[in-house]
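The values are calculated or read from the model by the stated rules, or taken from the named source; none is laboratory data. Predicted, not measured: the structure shown is a model, and the values here were computed from it. Please note: Cβ atoms are built from the backbone with ideal geometry, for glycine as well, and neighbour counts cover all protein chains shown. What goes into the accessible areas is simple: the full protein's heavy atoms, side chains included, and nothing from ligands, DNA or RNA. Shrake-Rupley method; radii C 1.70, N 1.55, O 1.52, S 1.80 Å.
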Amino acid sequence: MALVACPECNHQVSDSAFKCSQCGHRLRKAKRGLFGTLFKWSFILFNVLMAVWLFSSFGIMGEAMQSSQNEYEQAGAAIGSALGMGMIVTTWALGDIILGLLVLFTRPKEA
Ligand SMILES: [Zn+2]
């Protein structure tokens, strides 16, 4: 463990410290662990996948509406689409909460 001078106040701090003990100046960024990185990327990937899913279901919904023979089928397609949409949004929200918490828990800790 070596001592380095803080660029802000010139106080001697350990080179393993994330912050200067004197003035609180950030010396280096805390790194995420393997799980932290993994959760962060799954969070991003999950949001991309959900956006693609939602977007593609818009297309399916439009097709179902157009191919319907009468207003009853159209109404059925609209209800089905609304339910499907609600399911996607619910899954998205739940997944975001769970993954968001995991990302938060694996957040880099500062010494
Ligand atoms: Zn300092």
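Could you go through the stretch 43-53 and let me know if any residue there is of a type in the set (S, T, N, Q), in the same structural domain as Leu102 (by TED's automatic domain parsing) and touching a Gly at 6+ places or on another chain (Cβ under 9 Å).
yes
Restricting to the stretch 9-19, and then to whatever is near the ligand (Cβ under 8 Å from one of its atoms) and either farther than 22 Å from Lys109 by Cα or small (Gly, Ala, Ser) (or both), can you tell me which residue is surrounded by the most Cβ atoms within 10 Å (Cβ to Cβ)?
His11
Within the bounds of the stretch 93-106, is there any residue that is hydroxyl-bearing (Ser, Thr, Tyr), at pLDDT below 90 and not in a helix (DSSP H, G or I)?
The answer is yes; a qualifying residue exists.
Just to be sure I understand the filter: pairs with C-beta atoms under 7 Å, separated by 6 or more residues or on different chains, first member in the stretch 20-41 and over 10 Å from Pro108 (Cα atoms), second member more than 16 Å from the ligand (Cβ to nearest atom). Which pairs pass?
Final answer for the pair search is Phe35/Thr106; Phe39/Leu99; Phe39/Leu102; Phe39/Val103; Phe39/Thr106; Lys40/Arg32; Lys40/Val103.
Being hydroxyl-bearing (Ser, Thr, Tyr), out of contact with any Asp or Glu (no Cβ under 9 Å at 6 or more places or on another chain) and within 16 Å of the ligand (Cβ to nearest atom) is the requirement here; does Ser57 meet it?
no
Select from the stretch 60-86 the residues that are closer than 30 Å to Phe39 by Cβ and surrounded by 12 or more Cβ atoms within 10 Å (Cβ to Cβ) and list them in ascending order.
Scanning the stretch 60-86 gives Gly84, Met85.
Looking at (1) without any contact (Cβ under 8 Å) to a residue 12 or more places away in the chain; (2) touching a helix residue (DSSP H, G or I) at 6+ places or on another chain (Cβ under 6 Å), can you tell me which one Met50 breaks?
(1)
May I ask you to list the residues in the stretch 20-47 that are out of contact with any helix residue (DSSP H, G or I) (no Cβ under 9 Å at 6 or more places or on another chain) and open to solvent by less than 50 Å² (accessible area, probe 1.4 Å)?
Result: Cys20, Gly24, Ala30, Gly33.
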